[in-house]
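A quick write-up on the structure given underneath.
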Amino acid sequence: AADGVLRTLPQAWYADLLANGVIRGVGAVVAFLPQLALLFGILFLMEASGYMARAAFVIDRVMGAAGLEGRSFLSLLSSHACAVPGILSARAIPSRNIRLATILASPLATCSARLPVYTLLISAFIPPEKILGPFTLQGFTLMGLYLLGGVSAVLVAALLRRGPLKGSSLPFYLELPPYRAPSLWSGVVQVWGRIALFLRRAGTVILAGSVILWCLLHFPGDAPEGLDGAARNRHIIENSLAADMGRALEPLTAPLGFDWRINVGLIGAFGARELMISTLGQVYALEDGGEGSLRSRLGRALHGPDGAQSALDFPSALALLVFFAYALLCLSTLAVMRRETGGWGWPALSFFGLLALAWG
């Protein structure tokens, strides 16, 4: 569709905005819908079968070792879809200190918004070697990132419960529903509802962020005469306001191996984590064509042989995965944390604390 727009409309800024800022910006995120649908389907099966409540009851003793309770497990598990409903579900926890510890630990759970970035980086930098039967190194890497987020969430909550949120726990009661076979139609409705919510987000927050980032990447828009096509566009992006913002952060991110391109992607991810994909697509000027989808071309650009265009080597790609696993790059999560905690003190502690942990 984007190529059709560029062929149909005259070469002008509005054609580039429509093709690369809107269509490719949102399309780069929507391309990950199959993985998200699988994640939502697994969560639905656990909840609809009656296993979710039993899992909370079984793991209550384990969570108690960290100063939490079984309902905290439900909140952390829900945060794997999105931290916002996970934080809201913590309202069911009667103890204030346990509820606050659960809220502050929830952003560490690997939410669905991280999945597109994980998939992109793993497919670009981790070889698809089989290491245990049908299981590959890429699959174990993704599983490791999920375990990293879950274990870190419990450890952070444990530190909070032994520090500023120290206090006694209340008795844990939970009604166990009977086991039942999930309805196929209910599953379709539930999964489609969550996908529709994701698409609405793609049509609002991600669309607005893609357009704003396109403007920052193409202003002031000066290019020397004689440059044409991809060379001209690359020169404009490398001398844009967004590039200046990314370079200003390089003294902080240089130890991690991130250059200004990755920094611009992280800035975009703060509005919505999925925005990092479309941001990097625009930063690398991938509208100049080439074989394969935008996702595959972006992977080649990040890992490409051209040193001038490659932003990451293998160690810095792993560093970016770990940084993305820890950093609280989500404005919506901070807003909900502020509402649930009654002020900006705890959200600020969570944001700067997790940012320092991610950098470290």
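Observations, loosely collected:
- Per-residue 3J(HN,Hα) values for region 324-330, derived from phi via the Karplus relation 6.51 cos²θ - 1.76 cosθ + 1.60 with θ = phi - 60°, read 5, 6, 9, 5, 8, 9, 8 Hz in sequence order (x marks Gly and Pro).
- Stretch gain in nm, segment Arg200-Leu148, where the contour uses 0.36 nm per residue and the Cα spacing is subtracted: 15.8 nm
- R0 of 30 Å, Cβ-Cβ distance Ala181-Lys130: FRET efficiency to nearest 0.05: 0.30
- If the chain linking Tyr51 and Phe219 were pulled fully straight, counting 0.36 nm for each residue of separation and taking away their Cα-Cα distance, it would gain 55.2 nm.
- Counting only protein heavy atoms and a probe of 1.4 Å, the accessible surface of region 310-357 is 72% carbon and sulfur.
- When you count the other C-beta atoms within 10 angstrom of each residue and take the mean per peptide, 86-96, 68-78 line up highest first as 68-78, 86-96.
- Accessible area of region 94-164 belonging to carbon and sulfur atoms, whole % at 1.4 Å probe: 71 percent
- In order along region 40-48, the Karplus-derived 3J(HN,Hα) couplings, from 6.51 cos²θ - 1.76 cosθ + 1.60 at θ = phi - 60°, round to 5, x, 5, 4, 5, 4, 5, 6, 6 Hz, and Gly and Pro are given as x.
- Where the alpha-carbon atoms of region 62-163 are placed on the principal axes, they occupy 47, 25, 21 Å, in descending order.
- Anisotropy class of region 35-119 from Cα gyration tensor, a/c 1.5 cut: oblate
The values are calculated or read from the model by the stated rules, or taken from the named source; none is laboratory data. Because the structure is predicted, anything quoted here is derived from the model rather than measured. Using ideal geometry, Cβ is built from the backbone for each residue, glycine included, and neighbour counts are taken over all protein chains shown. Just the protein is used for accessible areas: all its heavy atoms, side chains included, with ligands, DNA and RNA removed. Shrake-Rupley method; radii C 1.70, N 1.55, O 1.52, S 1.80 Å.
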